[in-house]
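Data first, discussion second: the structure below is written as structure tokens.
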Amino acid sequence: MTPTWLKAAASRRLLAGILGSLSLAAPVVISAEPLRNAVFYYGDAANWDSLRAFQLAVVEPDAGPLSTSSPTGMSGSSKTDWFAYVSATEITAFRDYYFDVPLSWRAGLNTAWHSEIIDPATPGWPSFFVENVVTPLWNRGYTGFFLDTLDSYELLGLGEVQLERSRQGLLRLIRAIKDKYPEAKLILNRGFDLLPAIHQDVYAVAFESLYRAWNQAENCYEEVGEEDRAWLLKQIKRIQQRYKLPVIAVDYCPPDDGECAQETVRKIRALGLVPYVGDGSLQTVNRSAL
């Protein structure tokens, strides 16, 4: 679920520095109401005001040049719970901490998204992540974080022993966030294998592509196969029964295909999940789930 606009973002690093200097007048408060709807939007912050219709909004915090690009810096009241997108194991040249990551920590490439993968088993990564990724966003008022790229280490061709070390590294990263900020609310993108150990620290679980998917490599929308869906439904059932956590399903339809979006929302909601249907790059706001 990495933001598409990051692919060409190296030339825009100054923007991140400007935005990083902004602070919020008050912390973002996350409600305890049952989760009914959510939106994932990685587009320009000038359009964030339209997200206030949703109960929960996951945004790319460095996406817009607006001086009011932080949630509570915008005019008007809202009950929306704002979560900042963060990539748990991938880095791009757009981020202002990019050049602070040692070259020895960069273990491979995600060619589809033009990003570099950090093996989460790297000893210094959890503390670096908290200090350089989470803390600046916390200081801007975000108390919710959507942890993406939790499975990117699987692209590194690791053996089973190293795979387990990487999983343990992710657990250390999540615990490091909670140790530093006990009140932080965390949404995992998948991370199914991590839940037995840290489900008590998780606010919700999200996943992509239950019925309709976006293929970044081929730049197209596609149907999800029955086998892949059956595997996902097995994971969902386990989360619902064992951990009682909210589960958010993010599917993809062309932004001009309202029928596709509405039908997909209906199918997702029938399973007791929180639905959102977006375009392939999550650059538009789809209201079909409201």
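The values are calculated or read from the model by the stated rules, or taken from the named source; none is laboratory data. Since the structure is predicted, the reported quantities are computational estimates derived from the model, not experimental observations. Cβ: placed from backbone, ideal geometry, glycine included. Neighbour counts: every protein chain shown.
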Please identify the pairs in which a residue from region 99-113 that is under 30 Å from residue 219 (Cα atoms) has its Cβ atom under 6 Å from the Cβ atom of a residue that is loosely packed, with under 14 Cβ neighbours inside 10 Å and among the hydrophobic types (A, V, I, L, M, F, W, C), counting only partners at least 6 apart or on another chain.
112/217
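Step by step: first the residues of region 79-95, then only those that are over 21 Å from residue 283 (Cβ atoms) and crowded, with 18+ Cβ neighbours inside 10 Å, then the one that is modelled with the lowest pLDDT. Which residue is that? Explain how you work it out, then say what you get.
Step one: of region 79-95, the residues over 21 Å from residue 283 (Cβ atoms) are 79, 81, 88-89, 91.
After this cut, where a residue has to be crowded, with 18+ Cβ neighbours inside 10 Å as well, the list is 81, 88-89, 91.
Details: 81: 92, 88: 97, 89: 97, 91: 97.
By that ranking, first place goes to 81.
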Within region 163-183, does at least one residue satisfy the condition of being acidic (Asp, Glu), more than 16 Å from residue 92 (Cα to Cα) and in a helix (DSSP H, G or I)?
yes
Which one is surrounded by the fewest Cβ atoms within 10 Å (Cβ to Cβ) among residues in region 232-290 that are in a loop (DSSP other than H, G, I, E, B) and among the hydrophobic types (A, V, I, L, M, F, W, C)?
290
Lone unmet requirement of (1) surrounded by fewer than 21 Cβ atoms within 10 Å (Cβ to Cβ); (2) touching an Asp or Glu at 6+ places or on another chain (Cβ under 7 Å) for residue 117:
(1)
Extreme residue, nearest to residue 127 (Cα to Cα), among residues of region 197-206 that are outside any helix (DSSP H, G or I) and over 12 Å from the mean Cα position of the chain (by Cα):
202
For residue 150, indicate whether it is within 30 Å of residue 55 (Cβ to Cβ), outside any helix (DSSP H, G or I) and either free of Cβ contacts under 8 Å to residues at least 40 places away in the same chain or among the aliphatic types (A, V, I, L, M) (or both).
yes
Here are some conditions: (1) farther than 29 Å from residue 255 by Cα; (2) touching a residue at least 40 places away in the same chain (Cβ under 8 Å); (3) not in a helix (DSSP H, G or I); (4) not polar (S, T, N, Q). Residue 217 meets all but one. Which one does it not meet?
(1)
Here the qualifying pairs (Cβ atoms under 8 Å; residues six or more apart or on different chains; first in region 156-171 and of a type in the set (Lys, Arg); second surrounded by 13 or more Cβ atoms within 10 Å (Cβ to Cβ)) come out as 165/121; 167/120; 167/193; 167/194
Note on residue 194: of the conditions (1) in a strand (DSSP E or B); (2) in contact with a helix residue (DSSP H, G or I) (Cβ under 8 Å, 6 or more places away or on another chain), unmet is (1)
Qualifying residue in region 189-212 (condition: under 24 Å from residue 37 (Cα atoms), surrounded by 21 or more Cβ atoms within 10 Å (Cβ to Cβ) and β-branched (Val, Ile, Thr))
yes
Has region 140-158 got any residue that is surrounded by 14 or more Cβ atoms within 10 Å (Cβ to Cβ), under 23 Å from residue 109 (Cα atoms), in contact with a strand residue (DSSP E or B) (Cβ under 9 Å, 6 or more places away or on another chain) and charged (D, E, K, R)?
yes
Give the residues of region 233-262 that are of a type in the set (Ser, Thr, Tyr) and either more than 16 Å from residue 194 (Cβ to Cβ) or touching an Asp or Glu at 6+ places or on another chain (Cβ under 8 Å) (or both), sorted by residue number.
252
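Are any residues in region 268-278 on the phi < 0 side of the Ramachandran plot and out of contact with any Asp or Glu (no Cβ under 9 Å at 6 or more places or on another chain), and if so, which ones?
First pass over region 268-278, keeping only residues on the phi < 0 side of the Ramachandran plot: 268-271, 273-278.
269, 270, 271, 273, 274, listed by residue number.
Taking the condition touching a strand residue (DSSP E or B) at 6+ places or on another chain (Cβ under 7 Å), at pLDDT 55 or above and farther than 22 Å from residue 255 by Cα, does residue 48 pass? Show your work before the answer.
Numbers: touching a strand residue (DSSP E or B) at 6+ places or on another chain (Cβ under 7 Å): yes; at pLDDT 55 or above: yes; farther than 22 Å from residue 255 by Cα: no.
So residue 48 fails the test.
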Give me the pairs: first residue in region 247-270 and of a type in the set (Lys, Arg), second residue modelled with pLDDT under 95, beta-carbon distance under 7 Å, and six or more apart or on different chains, which are they?
none
